[in-house]
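Before any comments, here is the structure.
The values are calculated or read from the model by the stated rules, or taken from the named source; none is laboratory data. Since this is a predicted model, take the numbers as computed values, not measurements. Positions of Cβ are backbone-derived with ideal geometry, glycine not excepted, and every protein chain shown enters the neighbour counts. The protein model used for the area step is the full one, side chains on, heavy atoms only, and it has no ligands, DNA or RNA in it. Shrake-Rupley method; radii C 1.70, N 1.55, O 1.52, S 1.80 Å.
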Amino acid sequence: MTQWNWDRLKTFDKLQDAAGHMLRMTNTPQAPWVVLDGSDDRYRNLTVGKVMLDAIRARLASPEPARPPVAPMVRVDTDGRNVLTELDLTLKLEDRQYESELSRWQARLFELTRDPRFKNRAVVCAFEGADAAGKGGAIRRISSALDARQYQIVPVAAPNEAEKAQPYLWRFWHHLPRRGHLTIFDRTWYGRVLVERVEGFCSENDWLRAYNEINDFEHELSAAGIIVIKFWLQTSRDEQLRRFEERAKVPFKQFKITEEDWRNREKWDAYQQAVCDMVERTSTGEAPWTLVESDDKRYARVKVLRTLCERLEAELERGIPGGKASGLPAGIWDDARAQGSSGDKPHKGRGKTKSKSKSKSKSKSKGKGKKKKARKG
């Protein structure tokens, strides 16, 4: 028993009310709660084991569970236009203008990440895009403006066997940044609704359901104070072919091109449709998509940096979640601030030793004063 347990006993009634509300709101057919009497240890342990055993037996004896129905995609593109076809891929920057704008926004990004308000926030940059769209170059322009201790870059590949055994989004939670830091994802959790959808690596129900799962995931990040900034880099089909051929010719770039990249070009239309559906269903107020015209890499890099700075600056002005300016619910950040404030206080033992040393020095000085008076007398 600790003091924490005794403190919880004082709020027993409140905890009971909160637990009852939690049970009512989260008890579902897929994951029902089982309420047990815990006053007798043997009864409790035996009942828990029996409930688990019965559930496992029932699951093994039943066929594959039926997938819940998911709303099908509804598309309105009778005129052949969509969010990607409306992009102006001819946008360019001249060399001199590019160098000036790049330096300007890199300097601004450095200033924002050194802002005292950023200590209570974190940033997730999510990069998706067509093959050879310039994601790596844009990421390098961001990282070169940051303190190396302040960020990490996470390249996302196909999940390994251990990751496949977990829920889909499990492997991304490990890389989320702590406060005052940034994490840059080179490819993201959107692979479920892009490559896995187009290549048939998951069922239709899986990728249709993933839209809501991803929105919930990003909502949780935003509510916890993480700023989610998402970029889709788009090139034209002709520009992609030119870059593929250049990579195939230049020896030190050949590692960037694979047979899979050439094969994916045959499914260009399917990937473009998947991107449009992704943007339509997952571009939210908390985590909107930024579509970047990337036929000119210089223009794309500057737009990414400018968007990142503008969004970060706006979020710092809004304040942290749970604050008066943010409008977001209070949550773990309140607890974190409370822990931080208590952690900043000096240890009680140190305070006592200092007070003792001070009292000793005072008594010594008083004793010296008495001796001097006695000599004078």
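Of the trypsin sites (Lys or Arg not before Pro) found in the range 92-156, those that fall in a DSSP loop while having at most 16 other beta-carbon atoms within 10 Å are Lys92, Arg114, Arg149.
Counting only protein heavy atoms and a 1.4 Å probe, the range 150-207 has 52 square angstrom of accessible area per residue. Accessible surface for Arg265 stands near 40 Å², nearest 10, in the context of the full protein assembly shown (1.4 Å probe).
When +1 charges are put on Lys and Arg Cβ atoms and -1 charges on Asp and Glu Cβ atoms, the dipole computed for the range 204-298 relative to its Cα centre reaches about 600 debye.
Would you list Arg57, Arg318 from the most to the least accessible area, probe 1.4 Å? Kindly include the intermediate steps, with their values, before the conclusion.
On the way: Arg57 150, Arg318 90 Å².
These residues rank, largest area first, as Arg57, Arg318.
The largest accessible area among Trp289, Trp170, Trp189 belongs to the first residue in Trp170, Trp289, Trp189, and the rest follow in falling order (1.4 Å probe, all chains).
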